[in-house]
Amino acid sequence: MTEIVTSQTPPILHGPTEKEKKYDRQLRLWAASGQAALESANILLVNSGAGTVGVETLKNLVLPGIGKFTIADDAIVNEADLGVNFFLDESCLGKLRSECCTKLLQELNPEVQGEWFPKEQDTLDLHSALETSPRFTLIMYTYPIKKELVSIIESYADKHKIPSVSIHSAGFYSYFHINLPGTFPIVDTHPEVEKTADLRLLNPWPELAEFAQNMTKNIDALNDHEHGHLPYVVILLHYLEEWRQSHNGQNPISYDDKTAFSKLVLGKARTDNPEGGEENFQEAAVAINKNIKAPELEPGVQELFDYEVSDEIERQSAFWIIAKAIKTFYRKHGCLPLPGSLPDMKAQSTVYVKLQSIYKEKARRDAQEVLETARAIPGGKDVDPAEVELFCKNARFVKLINATQTRANLDELYEAEKANDEAAEAMKVETGGAFTLPMSNLFIYLALVATSHGITSSADEIMKSMVDLILKAAGNERALQAAQEVARAAGGELHNISAFTGGMVAQEIIKIITKQYIPIDNTCIFDGISSRCQVLRL
């Protein structure tokens with residue numbers, strides 16, 4: 001008897017681990033896979049200038065638990081540093097800024113490893129630091145910085161195919177630029193839930209069609225409870241068939257047809273019940289516009305299918321092998337693999353679970369077909385089924401970042417931004433200031449670029465550098481204002497501007513490390529005076 005009782009004892013339920021409790025909120029954002037990617041990251045910060053914005057960025061990476069960071073900075077802490085850097089105190093005066101910041105950052109999260117260079121008060125030998133350290137996942141560097149250091153960073157990043165991020169903060173202005181190693185694909189882009197449903201109402205597979213037919217073959221004879229709990233998927237499939245029979249086999253694709261079809265569906269709802277209507281038929285009418293449409297590829301998927309991979313190593317990666325298999329699937333079936341998700345809808349629980357299982361089973365079959373195709377491609381025999389499943393689930397929303405690696409034409413960009421500014425000024429005049437459009441931040445970027453390797457430039461010198469980049473900028477009033485503000489700052493950082501910028505940079509770095517969500521492409525410029533960000537491809 002004792003043995004029987006013991007065997008029937010339910011298993012011990014284990015609560016969340018200490019790590020899960022600690023990182024609970026962020027695990028809801030990027031899940032265990034994203035957290036694992038963070039914890040395996042090794043990030044280098046080459047800190048220069050006032051040194052605040054880089055440390056603020058690291059703060060926002062240490063807190064969520066990156067694996068390891070290194071600060072390369074040979075600056076010695078002085079009185080001015082204490083006013084802008086919260087990770088320094090009076091005990092740090094006369095010591096290496098890199099060492100002091102590293103130790104105080106580690107206090108935020110003891111699980112994160114920290115390192116610094118140089119170990120003694122001496123000139124930074126960045127080349128040696130890179131050679132003697134474990135391979136870095138990503139490199140950040142802050143302006144103003146010596147040109148030779150930038151060359152070493154770019155060479156290392158290019159050799160190891162890793163991203164680099166440059167950051168510049170001065171006065172009320174800042175920007176950061178992301179340099180990715182070639183095309184950077186994102187599979188798990190986290191689209192809005194409402195956009196992920198793919199119900200295949202215009203092209204149902206046999207099991208779904210049979211399920212709908214069995215539920216609606218005597219639809220008018222159903223009692224009120226059964227009629228009022230038909231899933232809207234079943235309702236739409238039934239009346240789509242009825243519509244096609246009276247419209248020469250055509251689906252209600254146009255706006256007028258959808259309006260007429262909606263009236264048809266709503267007209268079939270029963271109103272002689274206590275509720276005076278049926279919620280499931282209302283749901284069906286609402287779902288028409290979103291779910292009854294001619295099949296088409298999202299622009300991102302079309303870009304993925306059209307993209308020619310030039311690098312042989314990149315072509316043999318699991319991503320591109322699966323992408324090729326997905327493309328083969330699309331050509332064969334005229335649609336992407338089914339994601340398998342089913343939105344909430346009014347239905348009896350048993351019916352909803354059955355319908356959900358039909359969608360999930362179809363999604364599994366589609367993913368299996370893609371997996372078999374991928375493994376038949378040269379180099380694809382070891383493709384992970386989990387990667388295929390994730391790709392199939394998110395196929396409609398896969399995004400290629402940095403697909404076009406050509407640099408922007410600054411003259412053309414200047415003309416476009418100048419035209420936008422003129423339109424904004426005209427709007428302000430026409431409405432008496434009641435309504436305004438945002439002004440371009442391009443001039444802020446140009447002014448900061450002019451001080452990338454030195455902080456002592458006057459407004460005239462900064463303006464000259466801007467004109468060297470864009471001849472037509474000469475005499476532009478907003479360009480002159482930006483030059484004057486950057487000259488006034490003289491390389492100094494305002495802590496609130498650098499903290500805000502550091503938060504934005506850390507957010508984008510987390511996207512890159514976890515390969516989730518969509519990072520900016522490729523430069524973000526912040527105007528702290530008007531509190532406005534602008535993303536430009538430069």
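Taking the chain as the reference, fit the longest principal axis to its C-alpha atoms, fit the long axis of helix 232-246 to the helix C-alpha atoms, and give the angle between the two in degrees, 0 to 90, nearest 10. So the helix axis and the longest Cα principal axis differ by about 60 degrees. In the frame of its principal axes, the range 135-202 has Cα extents of 61, 35, 17 Å, reported largest first.
Can you check how the C-alpha radius of gyration of the range 77-141 compares to 2.2 N^0.38 Å, as a plain ratio? It would help to have the intermediate numbers written out before the result.
On the way: Rg = 13.0 Å, N = 65, 2.2 N^0.38 = 10.7 Å.
Taking N as the residue count of the range 77-141, the ratio is 1.21.
Annotation for ARG25 and GLU422: the two label points, set 7 Å from Cα along the Cα-Cβ direction, are 4.7 nm apart. Each label point was placed 7 Å from the Cα along the Cα-to-Cβ direction; for LEU437 and ALA80 their separation is 4.1 nm. Sorted into 10 angstrom bins from 0, the C-alpha pair distances of the range 57-96 split as 26, 44, 29, 1 percent.
Here the extension length gained between THR350 and ARG488 equals 42.7 nm, from 0.36 nm per residue of separation less the Cα-Cα distance. Here each label is just a point 7 Å from Cα along the line to Cβ, and for GLU131 and GLU207 those points are 6.0 nm apart.
Rounded to the nearest 0.05, what FRET efficiency is calculated for ARG331 and HIS495 with R0 set to 56 Å and r the Cβ-Cβ distance? Given R0 = 56 Å and the Cβ-Cβ separation, E is 0.50. Taking the Cα centre of the range 240-284 as origin and assigning +1 to Lys and Arg Cβ atoms and -1 to Asp and Glu Cβ atoms, the resulting dipole is close to 200 debye.
With only Lys, Arg, Asp and Glu charged, each at its Cβ (+1 for the first two, -1 for the last two), find how big the charge dipole of the chain is about the Cα centre; round to the nearest 20 debye.
With only Lys, Arg, Asp and Glu charged at Cβ, the dipole is about 1020 debye.
Leaving out ligands, DNA and RNA, and with a 1.4 Å probe, what % of the accessible surface on the chain is carbon or sulfur? Exposed carbon and sulfur together represent 52 percent of the surface. Of interest is the spacing of the C-alpha centroids, which for the range 466-538 and the range 205-242 amounts to 56 Å.
Think of it this way: in the chain, CYS101, CYS335, CYS392, CYS524, CYS533 stand alone, with no other Cys Cβ under 4.7 Å. Projecting the Cα atoms of THR456, ALA423, ILE444 onto the charge dipole of the range 407-501, computed from C-beta unit charges around the Cα centre, puts THR456 farthest toward the positive end. Compared with the dominant Cα axis of the chain, that is its longest principal axis, helix 410-430 is turned about 80°.
Rounded to the nearest 500, the helix-only mean residue ellipticity at 222 nm of the chain stands at -15500 deg cm²/dmol, with each DSSP H run of n ≥ 4 adding -39,500 (n - 2.57).
Within the straight-line cut-off of under 29 Å between alpha carbons, the lysines reachable from LYS428 are LYS418, LYS472, sequence neighbours fewer than 8 places apart in one chain being disregarded. Here the convex hull built on the C-alpha positions of the range 295-346 has a volume of 108 cubic angstrom per residue.
Just so you know, the Cα atoms of the chain work out to an Rg and Dmax of 29.3, 95 Å.
Please report the relative contact order for the chain, taking Cα pairs under 8 Å with a sequence separation of at least 6, and give it as a percent rounded to a whole number.
Details: 799 pairs, mean separation 109.7, N = 538.
Result for the chain is 20 percent.
Between the Cα long axis of helix 24-39 and the first principal axis of the chain there is an angle of about 60°, rounded to the nearest 10. The magnitude of the dipole of the range 222-337, with charges of +1 and -1 set on the Cβ of Lys/Arg and Asp/Glu and taken from the Cα centre, is near 360 debye. The count of lysine pairs in the range 179-294 with alpha-carbon distances below 17 Å, taking only pairs 8 or more places apart or on different chains, stands at 7. The lysines within cross-link reach of LYS22, meaning a Cα-to-Cα straight distance under 25 Å and a gap of 8 or more places when in the same chain, are LYS59, LYS68, LYS103, LYS511, LYS515.
Normalised per residue, the accessible area of the chain is 51 Å², obtained with a 1.4 Å probe and no contribution from ligands, DNA or RNA.
What the Cβ-Cβ distance of ARG365 and GLU194 gives, at R0 = 35 Å and to the nearest 0.05, is a FRET efficiency of 0.85.
The values are calculated or read from the model by the stated rules, or taken from the named source; none is laboratory data. Computed from a predicted model, the values in this text were never measured in an experiment. Using ideal geometry, Cβ is built from the backbone for each residue, glycine included, and neighbour counts are taken over all protein chains shown. The area values use the complete protein model at the heavy-atom level, side chains included, leaving out ligands, DNA and RNA. Shrake-Rupley method; radii C 1.70, N 1.55, O 1.52, S 1.80 Å.
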